Structure formats: structure tokens, C-alpha cells
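All of the numbers you see were taken from the coordinates with simple rules; none came from a lab. From a predicted model like this one, the values you see are computed outputs, not experimental measurements. Cβ coordinates were reconstructed from backbone atoms using ideal geometry, including for glycine residues, and neighbour counts include every protein chain displayed.
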Amino acid sequence: MALEVETKDCTALSDSEICEMAELISGESVYFDVGHLSKQRDAWVLVTHVRDGSRLVAYGFCTLERVGGDPTVLMGAGATKRSARRDSALRAMVNAQLRRAVLAFPDEDVLVAAQMADAATFTAFKPLDRVVPRPGYEPNGEDRAWGRRLAKRFDVQGEYKAREFRVYGDGGPSFVLNHTAARPEAVPTDVAALFDGYDTRNGDAMIAFGWATREDLAKLL
């Protein structure tokens, strides 16, 4: 069965949908309850739901805006159901948000940014160019400036260290795009190494970003 994807204004997000989202995953070190998600509804503009039949399998908040003058997709709190189709659900959600971006910012490259706490979440950035941070790449001053800019926009809690693109949490949740691998051993070791030492229960998170080119975005239409 094909996955069904819907993106709508957060103002249209009902309390029952918030409860459904809160029940998607539980018992993990990164978990958003009804209270967290209700606050995210007020903080973001759009929310994407991915369904397999009638069952919710992924969700993610986002907003489209210009950050530092550049068109940007900011991905907020999100999660994928721990099922065999989790990677497909993540791709469907990201593609839906990028499709919104090409409509909002035609003929422009678009920056895509998210907070993440698990190496598997890098799957979301596979379609992007110039991802920062990434294995084998030494970020430059402009990259670090982008990281600081995004940390401010995400209103991160705790301490952000620009050279590491890392948020050291303060004990509360980081509103990450929460995705795990069905087969953790399949995650490239150099990507996994980027997350060495992260304490997700403390709210540690990476701020990562990359560029969706206008040519790639056009293919989504």
C-alpha cells in the first residue's frame, strides 16, 4: 500500500492528532509527549503526516522562511514509527516538505536544516548537497556562522558549540527529527562516529544542514 502524505497548517492540528503523534513512539531516550507537541504546534507553521492506510507512521513540524536572506526549510520535532517502512516514511515526509519549498522559493537553491540525535537521521539528508557536518569534511567559518544562526533560530536549550555543531543539552528534550535505523549495523561507521559521546537523555543534539539545488527541487513537481 502506498504511503499517504499530508502537509497542513499547524493551526489545523487537532488535539486528537496531537495524542496520535505522542503515541507514535514511547519508552525511548528522545520522546515528545502531548505537552511537548502542543507547544510545537504553537511554535511552527506546518506539520506533515505520513500514513500507511489509516495508521500514522511519521510526522514532522516545519516552516519555510528566509534565514540570513536565504530560502530555508527548518525541520522541527518529528518522528518515524519503528517499523520496516520507517525509511520510506522519512523520505516521503522530507520530499513533501521540499515540494513545499520549491513552490515557495521557485528557481532558488534552498537550505534544509534540522536537529538530530541519531546517525540514522542522516538518511533524511541523502538528497542534499554540501551537508554540514559530514565525514571527511573540515567546516569553514561560513559553515560555523550558519550553525550559530540556526542554533539561534531553533532556540536551542543548553550550550551550543559552533566548532562541533553540537548542542550540549540541559536535561530537557531537544526537538530533533527522531529516526532510528531498522538495522543499526547498516549505518556507515564514519557517520555514526559523528555522534560519538552524545547523551540523548540529556538533550544532546547535532545541528545539521545542507542544500537542495533548484534542479533537484524541480524534479519533485
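Worth pointing out:
- Over the chain: helical MRE at 222 nm, DSSP H runs n ≥ 4 each giving -39500 (n - 2.57), nearest 500: -8000 deg cm²/dmol
- The trypsin sites (Lys or Arg not before Pro) of segment 75-181 that meet both conditions, a loop assignment by DSSP and at most 10 other Cβ atoms within 10 Å of the site Cβ, are R163.
- For segment 126-167, the set of chymotrypsin sites (Phe, Trp or Tyr not before Pro) satisfying both a DSSP loop assignment and a count of at most 16 other C-beta atoms within 10 Å is given as Y137.
- Under the criterion of Cα pairs below 8 Å and six or more residues apart, the relative contact order for the chain equals 23 percent.
- A straight line joining the Cα centroids of segment 26-75 and segment 153-219 runs 15 Å.
- Restricting the GluC sites (Glu not before Pro) of segment 1-41 to loop positions (DSSP other than H, G, I, E, B) with no more than 15 neighbouring Cβ atoms within 10 Å leaves E23, E28.
- With θ taken as phi - 60° and the Karplus curve 6.51 cos²θ - 1.76 cosθ + 1.60 applied, the whole-hertz 3J(HN,Hα) list for segment 47-55 is 9, 10, 10, 10, 10, 10, x, 8, 8 Hz, x standing for glycine and proline.
- Within the set (i) 23; (ii) 8; (iii) 18, the number that percent of Cα pairs over 33 Å apart takes when calculated for this structure is listed as (ii).
- Segment 21-28 - phi-based ³J(HN,Hα) in whole Hz, Karplus 6.51/-1.76/1.60, Gly and Pro as x: 5, 5, 8, 4, 9, 7, x, 10
- Across segment 80-96, rounded Karplus estimates of 3J(HN,Hα) from the backbone phi angles (6.51 cos²θ - 1.76 cosθ + 1.60, θ = phi - 60°) give 10, 5, 6, 10, 5, 9, 4, 5, 5, 5, 4, 4, 4, 5, 5, 4, 5 Hz, Gly and Pro being marked x.
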